[in-house]
Amino acid sequence: MSITDNLNLINKTLPSNLSLIAVSKTKPIVDIIEAYNAGHRSFGENKAQEMTDKYNALPKDIQWHFIGHLQTNKVKFIAPFVHLIHSVDSYRLLLEINKEALKNNRCIDCLLQMYIAEEDSKFGMDYQEAEDLLKNKIFDLNGIRIVGVMGIATFTYNHDQIRKEFSILNAYFNKIKAIYFNNVGYFKEISMGMTDDYKIAIEQGSTIVRIGSAIFGNRKYNK
Ligand SMILES: *Cc1c(COP(=O)(O)O)cnc(C)c1O
């Protein structure tokens, strides 16, 4: 199966209002070009340098999604072009994104990465940490817009576990929406679901899925 076949197959099964991010991390430019020629425009990367190199090499109508842990000193590299940062996990990072966005005359859309998994190796905030962030004057920051939440479920074959974690993220979304973004139309995204669990994520209310290996094949090194 080619990348084009994989994309077409996945697109056929996705609800039409759902966004598909093709996660191209570690994959070469030629693979992205194949997906691009098949009509796909949204790609996900988890390293600032790799994403910047790919941005420079590829057509400028691609929307680049940053999905990995983002260090504050790397924000400046992606601020000129990034479409959506899925992985905001501190107020300090949010302030840095705001600063770099304003330097570029931009307003960068961000998601709050919430910790939902059982294993403790995953990045993200717990609900209290998200509230602490949201209690700052975030609406005064003209360089950023918080448009929703993101989460990564535990890597497990236990579907009930995954389902529970995604339903927790959905509940966090609704709670944050009701308290901090009531009547704010742009706060509407729940980024959850990867190759092995995106069907469960969709069932639990995902609006954005991030799919890598089912499109591009397995990665040589997993990160
Ligand atoms: C790698 C990665 C994905 C895609 O993983 P697959 O299992 O290959 O679909 C999605 N989200 C994040 C945050 C990732 O790091």
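The values are calculated or read from the model by the stated rules, or taken from the named source; none is laboratory data. Here the structure is a predicted model, which means the values were calculated and not measured. Quick reminder, even Gly has a Cβ in these numbers, built from the backbone with ideal geometry, and neighbours come from all protein chains shown.
Taking into account only those residues within the range 188-213 that are more than 14 Å from the chain's Cα centre (by Cα) and crowded, with 19+ Cβ neighbours inside 10 Å, which is nearest to the ligand (Cβ to nearest atom)?
Asp197
Restricting to the range 67-114, what's the tally of residues that are among the aromatic types (Phe, Trp, Tyr) and within 16 Å of Thr52 (Cβ to Cβ)?
Here the count works out to 2.
Exactly one of these conditions fails for Gln63: (1) over 27 Å from Val149 (Cα atoms); (2) away from the ligand (no atom under 15 Å from the Cβ); (3) touching a Ser or Thr at 6+ places or on another chain (Cβ under 7 Å). Give me its number.
(1)
Select the helices (runs of 4 or more DSSP H) contained entirely in the range 1-91, then report the ones holding at least 1 residues which are of a type in the set (Asp, Glu) and over 15 Å from the mean Cα position of the chain (by Cα).
Result: 3-13, 29-37, 48-57.
Run down Asn46, Asn37, Asn73, Asn56 and say which single residue is surrounded by fewer than 22 Cβ atoms within 10 Å (Cβ to Cβ), modelled with pLDDT of 95 or more and within 13 Å of the ligand (Cβ to nearest atom).
Going through Asn46, Asn37, Asn73, Asn56 in turn, the sole match is Asn46.
Please verify whether Ile152 is closer than 20 Å to Leu70 by Cα and touching a strand residue (DSSP E or B) at 6+ places or on another chain (Cβ under 7 Å), treating the condition exactly as stated.
On the way: closer than 20 Å to Leu70 by Cα: yes; touching a strand residue (DSSP E or B) at 6+ places or on another chain (Cβ under 7 Å): no.
Judged against the criteria, Ile152 is not a match.
With the condition kept exactly as written, say whether any residue in the range 153-168 is within 11 Å of the ligand (Cβ to nearest atom) and without any contact (Cβ under 8 Å) to a residue 60 or more places away in the chain.
Among the residues of the range 153-168, at least one is within 11 Å of the ligand (Cβ to nearest atom) and without any contact (Cβ under 8 Å) to a residue 60 or more places away in the chain, which makes the answer yes.
Residues checked against (1) at negative phi; (2) of a type outside the set (A, V, I, L, M, F, W, C); (3) touching a Cys at 6+ places or on another chain (Cβ under 7 Å):
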{"position": "Gln128", "(1), (2), (3)": "yes, yes, no"}
{"position": "Arg145", "(1), (2), (3)": "yes, yes, yes"}
{"position": "Gly148", "(1), (2), (3)": "no, yes, no"}
{"position": "Ala153", "(1), (2), (3)": "yes, no, no"}
{"position": "Asn182", "(1), (2), (3)": "yes, yes, no"}
{"position": "Arg219", "(1), (2), (3)": "yes, yes, no"}
